[in-house]
Amino acid sequence: MLPSFHYYQPESLAEALNLLADLPGPKKVLAGGTDVIPALSRGELAVEHLVSLKKLDELREIRRVGANLHVGALVTFRELVSSPLVAGFCRLLGEAAAAVGGPQVRNQGTVGGNVVNASPAGDLLPPLFALGAQVKLCRRGGERVLPLAEFLLGMGKTMLMPEEILTEVIFPALPGGAASSFVKLGRRNSLAISRISMAVIIFRNRQGRIEEARLALGAVAPRPVRAERAEALLKGRCPGPALLEEAVAAIAETVAAILGRRASAPYKRVAVKGVARQALLRAVPEFGKP
């Protein structure tokens, strides 16, 4: 059963921002509701005011502006999966969205909600980290843009202020030659919460050598982390089976160092090797060719 609270459904972003600025006491923004409503039902979240963004169609757009893609906070996972812009310029984000929950969650859950929830297992976070995403935060009388890496503070914690709304996520469109992938490991085949996930972006030159590798891991720390040692190891080299295993070993060492003696460490130290191997091969099949 839901607790009692005051519910608001503003007709515009300006109205929503005015409400958040003026309402006293604990308040929460409602986007898709796939995280907020269950938390209210379980008693994990208590609010006096719930401000729904349901009618704010201005936050439902996916558009390209210059070299960047702008994804509105109310864009659903399903819309990410079906977007030609996402498929053309950041395929791994669509792959991550397709891996979220079941059809009902993908139809209802939103980009903004997934980011603001700041779950270590959030499927969109590793791809957005790898893409170098920024978030736009609006409040009455102003706005600010922060790198996602600064916005996320840890498990369930962000830089979002009570009077602010995350309105969009912004990141550079990947060039046509960029290779990318997203892979996650869950406890079951459907409706799986990530136990480990990995986003890969690789840029290669005309000779086939790797110019830059971005490897972002999810569900191994309070927020996504880059496997920097493996990224450096890949730079300047040509994909192949030997390099693949070097990179996988380096990624496993990174995860082991992060997890330390946590209960999940023995399992994840082994499991991450399979996730990393699959993600790298999916992005660049040449990793499997002698």
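Among the β-branched types (Val, Ile, Thr) and more than 20 Å from Ala216 (Cα to Cα): which single residue out of Val115, Val100, Val105, Val86 fits that description?
Val105
With the condition being without any contact (Cβ under 8 Å) to a residue 60 or more places away in the chain, I'd like the strands (runs of 3 or more DSSP E) fully within the range 20-86 carrying at least 2 qualifying residues.
It comes to 27-30, 49-52, 62-65.
Exposed (fewer than 13 other Cβ atoms within 10 Å of the Cβ), over 26 Å from Val115 (Cα atoms) and not aromatic (Phe, Trp, Tyr): does that describe Ala232?
yes
I'd like to verify a number: residues in the range 89-117 that are surrounded by fewer than 22 Cβ atoms within 10 Å (Cβ to Cβ) and under 9 Å from the mean Cα position of the chain (by Cα), how many?
0
Here, each number is a calculation from the coordinates, and none is a lab measurement. Since the model is a prediction, treat every value here as computed from it, not as a measurement. Every residue, glycine among them, receives a Cβ derived from its backbone with ideal geometry; neighbour counts consider all protein chains shown.
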